[in-house]
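Step one of this worksheet: look at the structure below.
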Amino acid sequence: TLISDLLSERNNFIIIGLTGRTGSGCSTASKLLTDNKLKFPAENEVNINNKPFFSDLDKQRYKIVKDYTENNFDPFTLIKVSELITTKLLEMSVESFEILIDSLVDSHYKPKIYTSGIIELFKSLKENFLAEFTSINDYFGGAKVDDLTSLNLGGWLIFISKATSDIKQILKDELGNCYVNLYQHIGDSLRKTKEIHSDFSEVPFDPQGLHILPQMINKVIKIHRAKKESTQSKCYIVIDAIRNPYEAKFFKDRYSAFYLISINAPTVDRRKYLQDKYRFSILQIEDVDKKETGNGVKGLKELIIPNVKKCIEISDIHIFNPRNEPNNHNILKAQLAWYLSLIKHPGLITPTSLERVMQIAYTAKLNSGCISRQVGAVVTDSNYSIKAVGWNDVAKGQVPCNLRSLKDVTNFTSDTTYSEYERHSEKFQKKANEKLITLKNISPGKNLSYCFKSLQNEIDDEKNQVHTRSLHAEENAFLQLAKYGSVGIEGGKLFTTASPCELCAKKAYQLGIKEIVFIDPYPGIAIEHILHVGTNPPQLIQFRGAIGKAYQQLYEPLMPYKDELDFLTTTL
């Protein structure tokens with residue numbers, strides 16, 4: 001039909017990249033998407049803590065998307081980043097592999113390296129891999145292949161899947177469960193140097209390394225797409241899992257059909273899952289969380305680490321996985337049905353209240369002149385009626401940081417743009433000039449703005465948040481209520497594209513906010529120390545839904561639905 005032709009590009013080619021902290025459920029979501037017998041739960045089967053997951057109009061919305069997805073579901077093909085890492089691992093020599101394992105295994109387990117069978121397994125896998133899949137290895141190495149359908153992709157994927165599983169099993173059972181540590185190390189080494197080193201800290205940075213893994217994934221996608229097109233089949237790809245924001249950007253820039261979906265689970269439930277199923281120790285979980293958060297990492301290292309926190313921030317769709325449904329995953333399935341239907345047929349339903357308000361907060365953050373991080377916030381009453389909007393920025397009448405520059409502050413250009421302290425402090429002027437010198441070779445025409453807090457903390461050799469020039473987004477939204485007058489918001493809701501710090505959390509508590517909806521928490525003790533105490537604490541709700549460009553792409557219909565139905569009737 002005409003409508004099918006208009007939607008054919010979305011219907012025929014979809015790429016979903018999954019991201020999320022270890023244990024959140026990316027692998028579970030990918031398995032569901034690849035199941036050709038996947039059944040979606042009825043509305044009354046989607047419950048959390050014995051309460052309906054969908055309420056009010058969302059119940060009706062879910063019935064519509066469930067019916068559409070059930071009648072238009074095709075299984076996805078899975079590409080696992082860990083398995084592509086295995087292919088790079090098998091390029092190493094046996095001697096280099098031994099050194100790598102020895103450098104990463106905890107000292108307690110080092111005596112087991114040669115009795116665990118890991119070296120023998122590696123030798124066997126390497127020999128078979130090179131013997132059976134030379135053509136694909138050459139293709140990944142840059143060799144041009146005229147007919148991609150001739151490559152034995154199916155056999156290759158089966159081999160590396162089993163190889164990864166076998167390696168993981170030995171590392172889990174015999175070598176202190178160091179699988180995650182090993183594969184994160186390899187990923188970091190590839191991003192920095194294009195190769196695997198047991199110690200890559202002193203190896204020079206090669207920018208091409210940042211594209212090693214996404215280019216491998218992209219080549220697998222091309223083979224899949226060529227094979228599907230040769231049989232006039234739909235090509236649906238799910239990538240498990242993207243953990244570096246620059247790898248996510250690689251696909252965002254290349255494919256309009258790409259959606260980055262974050263799978264988010266409550267921290268307590270996620271950690272319990274890792275302990276129960278994978279026997280992770282508390283220290284191992286804390287180490288993984290620290291590596292994936294990227295806190296305090298600056299400069300070059302920020303490019304190569306698995307910064308899952310940033311990946312969640314830039315995700316197109318956020319899905320909540322409670323991690324307490326081991327037998328059915330109904331909540332996860334229901335949300336997958338919701339967004340699969342909208343990816344294939346935009347505008348099928350309207351946004352949820354959570355999405356509508358968070359999209360406003362997301363848009364508001366772009367007003368922020370902060371050069372460190374942009375955050376948006378919205379305050380509503382209990383019925384989602386918007387009462388105030390805020391973003392992190394300087395007080396009204398002051399000049400935002402992104403409009404100030406090191407050149408101007410060191411030339412004493414304005415007594416309204418730059419403070420008396422900035423203009424007359426000898427220590428500050430010295431630090432600003434040092435910073436300016438380090439940036440002298442930067443691209444011509446760029447404004448060399450600076451963060452006052454960062455420079456002052458370098459001068460004082462401390463980490464003092466008081467030095468920030470900006471009000472926080474939540475704080476700014478609260479102040480709008482007082483500045484312009486408003487009815488009381490006790491019992492209302494706070495939406496924030498991050499989550500409130502300790503200071504803003506106290507203000508939300510004092511105002512009687514009943515729900516705080518957040519995308520991804522930043523470091524601090526606000527949740528444990530401020531919000532989980534007392535007799536009237538706010539309820540914390542992890543945001544679920546589409547945001548940013550995806551909000552427009554998924555909810556904006558191709559044409560008015562009435563016209564679509566008329567066209568369908570006419571063509572039938």
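The values are calculated or read from the model by the stated rules, or taken from the named source; none is laboratory data. Owing to the predicted nature of the structure, the values given are computational and were not obtained by experimental measurement. No Cβ is skipped: glycine too gets one built from the backbone with ideal geometry, and neighbour counts run over all protein chains shown. Surface areas here come from the heavy atoms of the whole protein model, side chains and all, with no ligands, DNA or RNA. Shrake-Rupley method; radii C 1.70, N 1.55, O 1.52, S 1.80 Å.
Observations
- Residues that are in contact with a helix residue (DSSP H, G or I) (Cβ under 9 Å, 6 or more places away or on another chain), surrounded by fewer than 20 Cβ atoms within 10 Å (Cβ to Cβ) and acidic (Asp, Glu) within region 463-492 comprise just one, 475.
- Some residue of region 463-470 being in contact (Cβ under 8 Å) with a residue 24 or more places away in the chain and among the hydrophobic types (A, V, I, L, M, F, W, C): no
- Residue count for region 21-51 under the criterion of being surrounded by 15 or more Cβ atoms within 10 Å (Cβ to Cβ) and closer than 24 Å to residue 272 by Cα: the result is 14.
- Scanning region 413-431 for residues that are within 22 Å of residue 442 (Cβ to Cβ) and either open to solvent by 20 Å² or more (accessible area, probe 1.4 Å) or hydrophobic (A, V, I, L, M, F, W, C) (or both) returns 413, 417, 428, 429, 430, 431.
- Helices (runs of 4 or more DSSP H) fully within region 316-434 that include at least 2 residues being among the hydrophobic types (A, V, I, L, M, F, W, C): 330-344, 353-364, 406-409.
- On the stretch given as region 6-19, residues that are outside any helix (DSSP H, G or I) and modelled with pLDDT under 95 total 2.
- The test for being touching a residue at least 24 places away in the same chain (Cβ under 8 Å), over 30 Å from residue 94 (Cβ atoms), crowded, with 22+ Cβ neighbours inside 10 Å and touching a strand residue (DSSP E or B) at 6+ places or on another chain (Cβ under 8 Å) holds for residue 248.
- Candidates 508, 482, 477 - the one that is in a helix (DSSP H, G or I) and at pLDDT below 90: 482
- In region 388-409 there is at least one residue that is modelled with pLDDT under 95, of a type in the set (S, T, N, Q) and over 25 Å from residue 363 (Cα atoms).
- Residue check, residue 310 open to solvent by 10 Å² or more (accessible area, probe 1.4 Å), farther than 27 Å from residue 12 by Cα and either not in a helix (DSSP H, G or I) or not acidic (Asp, Glu) (or both): yes
- Checking each residue in region 256-288 for being open to solvent by less than 60 Å² (accessible area, probe 1.4 Å) and among the polar types (S, T, N, Q) picks out 262, 264, 281, 284.
- 2 or more residues out of contact with any helix residue (DSSP H, G or I) (no Cβ under 9 Å at 6 or more places or on another chain) and open to solvent by 60 Å² or more (accessible area, probe 1.4 Å): qualifying helices (runs of 4 or more DSSP H) within region 137-244: 153-173
- All conditions in (1) without any contact (Cβ under 8 Å) to a residue 60 or more places away in the chain; (2) crowded, with 20+ Cβ neighbours inside 10 Å hold for residue 503, with the sole exception of (2).
- Residue in region 94-109 that is most open to solvent (accessible area, probe 1.4 Å), counting only those that are among the hydrophobic types (A, V, I, L, M, F, W, C) and assigned to a helix (DSSP H, G or I): 99
- For region 55-93, the candidate set comprises residues that are of a type in the set (Gly, Ala, Ser) and within 28 Å of residue 189 (Cβ to Cβ); within that set, the residue that is surrounded by the most Cβ atoms within 10 Å (Cβ to Cβ) is 82.
- Being of a type in the set (Lys, Arg), buried (at least 16 other Cβ atoms within 10 Å of the Cβ), in contact (Cβ under 8 Å) with a residue 24 or more places away in the chain and in a helix (DSSP H, G or I) is a property that does not hold for residue 123.
- From 342, 354, 366, residue being open to solvent by less than 10 Å² (accessible area, probe 1.4 Å) and either touching a strand residue (DSSP E or B) at 6+ places or on another chain (Cβ under 8 Å) or at pLDDT below 95 (or both): 342
- Hits in region 528-572 (condition: under 26 Å from the mean Cα position of the chain (by Cα), aliphatic (A, V, I, L, M) and more than 18 Å from residue 342 (Cβ to Cβ)): 531, 540, 541
- Condition check for residue 291: more than 30 Å from residue 346 (Cα to Cα) and open to solvent by 20 Å² or more (accessible area, probe 1.4 Å): yes
- The set of residues in region 435-474 being basic (Lys, Arg) and part of a helix (DSSP H, G or I) consists of 435, 453.
- Residues that are of a type in the set (D, E, K, R), more than 17 Å from residue 354 (Cα to Cα) and either touching a strand residue (DSSP E or B) at 6+ places or on another chain (Cβ under 6 Å) or at pLDDT 95 or above (or both) within region 46-69 comprise 63, 66, 67, listed in sequence order.
- Subset of region 283-322 that is farther than 20 Å from residue 189 by Cα and acidic (Asp, Glu) - its residue that is modelled with the highest pLDDT: 316
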